[in-house]
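Heads up: the structure comes next, in structure tokens.
The values are calculated or read from the model by the stated rules, or taken from the named source; none is laboratory data. Not measured: the values here are computed from a predicted model. When we count neighbours, we look across all protein chains shown, and the Cβ atoms used for this are built from the backbone with ideal geometry, even at glycine. Heavy atoms of the whole protein, side chains included, go into the accessibility calculation; ligands, DNA and RNA do not. Shrake-Rupley method; radii C 1.70, N 1.55, O 1.52, S 1.80 Å.
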Amino acid sequence: MIIGTIAKILGAMYSNTRPGEIAAGAAMGVWIACIPASSPLFWLLFLLIFFVKVHQAIALLGLALGSLIAPVIAPALHSLGLMVLTGAYPFWESVFSNSWMAVSRLNNTLVMGGLLGGLLLSIPVYLLVRSLIPVFREKIIPGIAAHPITQKIYKLPLIGTLLRTAQKWHSVYQKARG
């Protein structure tokens, strides 16, 4: 399963997958990582990954990498959430009187800050990933593939089998995705 996910990620970076889909997946993963996993909003957005046109493997990679930085930026997210919630207290009081909104836990400063801060952070992530994809496809992948060590690794029987399997699954995945 891990090898298949890695193959999907590498396949997306080198295949005909649109850079916008890849970048949107990375941005969405980072955005979701900023929201605490105990919030229903986290799980709603997590499920949304599988229903919108983003690259799911890249979104999961973005979520994993974003989860590494989320604890570091949590104090800033908390401050942002506190500022938003206390800045318009009467408005939020009326919004959260509805039981459905109370379930969302948006009245929690970290959830509100994660929602807004993650959304703001996803914009530069999108732009950065989108700008790096052509560089990756045109310069990095051909350079790695042409390296003598890589050529020797490709000739190993196990690696050859894994590469053929990854290529097969990637083509099946692309056909199923339409």
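What to note about this one:
- Added length on full extension, which subtracts the Cα-Cα distance from 0.36 nm per residue, Ile141 to Arg18: 42.6 nm
- A DSSP coil position with no more than 15 other Cβ atoms inside 10 Å describes the following trypsin sites (Lys or Arg not before Pro) in region 112-160: Lys155.
- Using only alpha carbons, the chain has a radius of gyration to Kirkwood radius ratio (Rg to Rh) of 1.10.
- Chain lengthening between Thr86 and Leu47 when straightened (0.36 nm per residue, less Cα-Cα): 11.1 nm
- Expressed in units of 2.2 N^0.38 Å, where N is the residue count, the Cα radius of gyration of region 39-140 is 1.28.
- The calculated FRET efficiency for the pair Leu65 and Ile149, based on their C-beta separation and a Förster distance of 22 Å, comes to about 0.25.
- In plain terms, the chain is cut at each of the chymotrypsin sites (Phe, Trp or Tyr not before Pro) found in a DSSP loop with at most 14 other Cβ atoms within 10 Å, and the longest leftover piece is 52-178.
- Over region 72-133, accessible surface divided per residue gives 60 Å², non-protein components excluded, 1.4 Å probe.
- Theoretical gain in end-to-end length, Leu120 to Val95 [0.36 nm per residue, Cα-Cα removed]: 6.7 nm
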